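Notes follow the structure.
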Amino acid sequence: MGGSEVSGLAAKHCVPCKGGVPPLAGEELRKLSSQLPDWKVIDGHHITKTYVFPDFKTALDFVNRVGAVAEAEGHHPDIALAWGRVDVKTYTHKIDGLTESDFVLAAKVDQEFFNRPKA
């Protein structure tokens, strides 16, 4: 992470989806996913990433920071916490697929990871 495109995504805000819009596909999906190459697009439906930590407490602290970002953005990922790892999955439930807001949230999650306090 560190390219201006990713910084641009992280600077945006999630937009509430009212439904009735098609999920991202094709070139739109490729363009956004190329800005977050460490995230995996799964079946064109959701994006996921695993973050690795040295212990449970550090992983838990990250989950809490991501939770605060999600609340501030009004866009909530699925988060799985285990010893030394956090799995994040996001998609827009209202349309059962991906929107730009999913990529914005993913960039903000990356930002939390890369800006985490050093042990």
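The values are calculated or read from the model by the stated rules, or taken from the named source; none is laboratory data. Note that this is a predicted model, so its numbers are computed, not measured. As a convention, Cβ positions derive from the backbone with ideal geometry for all residues, glycine included, and neighbour counts pool all protein chains shown. We work out accessible area using only protein heavy atoms, side chains counted, and drop any ligands, DNA or RNA first. Shrake-Rupley method; radii C 1.70, N 1.55, O 1.52, S 1.80 Å.
Annotations
- Enumeration of residues in the range 58-88 that are among the charged types (D, E, K, R) and not in a helix (DSSP H, G or I): Asp78, Arg85, Asp87
- Looking only at residues of the range 10-29 that are hydrophobic (A, V, I, L, M, F, W, C) and open to solvent by 30 Å² or more (accessible area, probe 1.4 Å), we find that the one that is farthest from His93 (Cα to Cα) is Ala11.
- With respect to being modelled with pLDDT of 95 or more, surrounded by 15 or more Cβ atoms within 10 Å (Cβ to Cβ) and assigned to a helix (DSSP H, G or I), Leu32 fits the description.
- Scan of the range 35-48 for residues that are part of a loop (DSSP other than H, G, I, E, B) and in contact (Cβ under 8 Å) with a residue 24 or more places away in the chain, ordered by number: Gln35, Leu36, Asp38, Trp39, Gly44, His45
- Scan of the range 72-108 for residues that are among the hydrophobic types (A, V, I, L, M, F, W, C) and under 19 Å from Ala10 (Cβ atoms), ordered by number: Ala72, Ile79, Val86, Val88, Leu98, Phe103, Val104, Leu105, Ala106, Ala107
- Applying a threshold of 6 Å to beta carbon distances and a minimum spacing of six or more residues, or different chains, the list of pairs starting in the range 80-99 at a residue that is in contact (Cβ under 8 Å) with a residue 40 or more places away in the chain and ending at one that is part of a strand (DSSP E or B) and open to solvent by 40 Å² or more (accessible area, probe 1.4 Å) reads Val88/Ile79; Lys89/Asp78.
- In summary, Ile47 fulfils each of the numbered conditions (1) closer than 18 Å to Ala10 by Cβ; (2) surrounded by fewer than 20 Cβ atoms within 10 Å (Cβ to Cβ); (3) aliphatic (A, V, I, L, M) with the single exception of condition (2).
- Test: residue in the range 49-57 that is without any contact (Cβ under 8 Å) to a residue 60 or more places away in the chain, hydrophobic (A, V, I, L, M, F, W, C), in a helix (DSSP H, G or I) and out of contact with any His (no Cβ under 6 Å at 6 or more places or on another chain): yes
- Within the range 58-71, the set of residues being under 20 Å from Leu9 (Cα atoms) and out of contact with any helix residue (DSSP H, G or I) (no Cβ under 9 Å at 6 or more places or on another chain) comprises Gly67, Glu71.
- Within the range 60-98, the residues that satisfy the criterion of being open to solvent by less than 20 Å² (accessible area, probe 1.4 Å) and of a type in the set (S, T, N, Q) are Thr90, Thr92.
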